[in-house]
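The values are calculated or read from the model by the stated rules, or taken from the named source; none is laboratory data. Keep in mind that what you see is a predicted model, and the values were worked out from it rather than measured. Using ideal geometry, Cβ is built from the backbone for each residue, glycine included, and neighbour counts are taken over all protein chains shown.
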Amino acid sequence: MDIQKLSSAIRDIHDFPVKDIIFKDITPVLQDINLFNGIIDAIAEEFRDKKINKIAAIESRGFIFGMPLAVKMDIPFVPIRKKGKLPAETAFISYDLEYGQATIEIHKDAVKKDEKVLIIDDLLATGGTTDAAIKLVEQIGGDVIAAAFVLELTFLNGREKIGNKSAEIFSILKVY
Ligand code: AMP
């Protein structure tokens, strides 16, 4: 995994979606398939021997990395979606974002009791989304053993906000 290449492929967009936020745009990473494959391989390698039963990813950029990872690792995929998108019976949780508020949902039957779950998102910022996603999976009986990210904004101390202290937090690139 060429970390320098990954770092230069992630583009800073100032004042998006609101003033004073520096948005980390990962779309240039998707233009470089070797780089993208490197990301998927690095996460797959980290979790290869950890007996994961489900990969759950957070809409929508989490899906971009989560589904290819699930295919690569040969593990079923579970979407965590914004409120009102999932058609069957759901569990839900509301939480605060770096900018605004949100509610996420999961199908109640998507994870069975005590199944080991790996959560995927593109970026760890304040940690609110990941903390909520972990609680959501736990609500339906899952055991979240880890969360993985392409990028972590360490200065926002997202790890501290994650209530489940036994879950491994893995990020490929850290921005200090
Ligand atoms: P947080 O709950 O603060 O950890 O935010 C994580 C979620 O919001 C992830 O799904 C990110 O994709 C998105 N996000 C938060 N801050 C940023 C940022 N500065 N640039 C890009 N995406 C962000």
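Need pairs with beta-carbon distance below 6 Å; first residue within 12 Å of I145 (Cα to Cα) and within the stretch 157-168, second away from the ligand (no atom under 13 Å from the Cβ) and in a helix (DSSP H, G or I); sequence gap 6+ or separate chains.
none
Considering only residues of the stretch 88-139 that are of a type in the set (G, A, S) and either within 13 Å of the ligand (Cβ to nearest atom) or touching a Pro at 6+ places or on another chain (Cβ under 7 Å) (or both), which is farthest from L151 (Cα to Cα)?
Among those that are of a type in the set (G, A, S) and either within 13 Å of the ligand (Cβ to nearest atom) or touching a Pro at 6+ places or on another chain (Cβ under 7 Å) (or both), it is S94.
Every residue in the stretch 6-47 that is of a type in the set (K, R) and within 19 Å of A148 (Cα to Cα), please.
Within the stretch 6-47, the first condition is being of a type in the set (K, R), and the residues that meet it are 11, 19, 24.
K24 - this is the single residue of the stretch 6-47 that is of a type in the set (K, R) and within 19 Å of A148 (Cα to Cα).
For the stretch 155-176, what are the residues that are in a helix (DSSP H, G or I) and surrounded by 13 or more Cβ atoms within 10 Å (Cβ to Cβ)? Explain how you work it out, then say what you get.
Step one: filter the stretch 155-176 for residues in a helix (DSSP H, G or I), giving 155-156, 158-161.
Residues satisfying the conditions are L156, G158, R159, K161.
Would you point out which residue out of I21, I33, I58 is farther than 23 Å from D143 by Cα, of a type in the set (V, I, T) and within 12 Å of the ligand (Cβ to nearest atom)?
One residue alone meets the criteria, I21.
If A9 passes every condition in (1) free of Cβ contacts under 8 Å to residues at least 24 places away in the same chain; (2) within 16 Å of the ligand (Cβ to nearest atom); (3) small (G, A, S) but one, which one does it miss?
Every listed condition holds for A9 apart from (1).
Out of the residues in the stretch 148-157 that are more than 10 Å from the ligand (Cβ to nearest atom) and touching a strand residue (DSSP E or B) at 6+ places or on another chain (Cβ under 6 Å), state the one that is nearest to I52 (Cα to Cα).
Looking at residues that are more than 10 Å from the ligand (Cβ to nearest atom) and touching a strand residue (DSSP E or B) at 6+ places or on another chain (Cβ under 6 Å), I get A148.
Quickly run through the stretch 95-110 and pick out the residues that are in a loop (DSSP other than H, G, I, E, B) and at pLDDT below 95.
Residues satisfying the conditions are L97, E98, Y99, G100.
Restricting to the stretch 97-138, count the residues that are polar (S, T, N, Q) and either under 21 Å from I75 (Cα atoms) or touching a helix residue (DSSP H, G or I) at 6+ places or on another chain (Cβ under 7 Å) (or both). Before you say what the answer is, go through the steps one by one.
As a first pass, look at the stretch 97-138 and keep what is polar (S, T, N, Q): 101, 103, 126, 129-130.
Filter once more, keeping what is either under 21 Å from I75 (Cα atoms) or touching a helix residue (DSSP H, G or I) at 6+ places or on another chain (Cβ under 7 Å) (or both): 126, 130.
Matching residues across the stretch 97-138 total 2.
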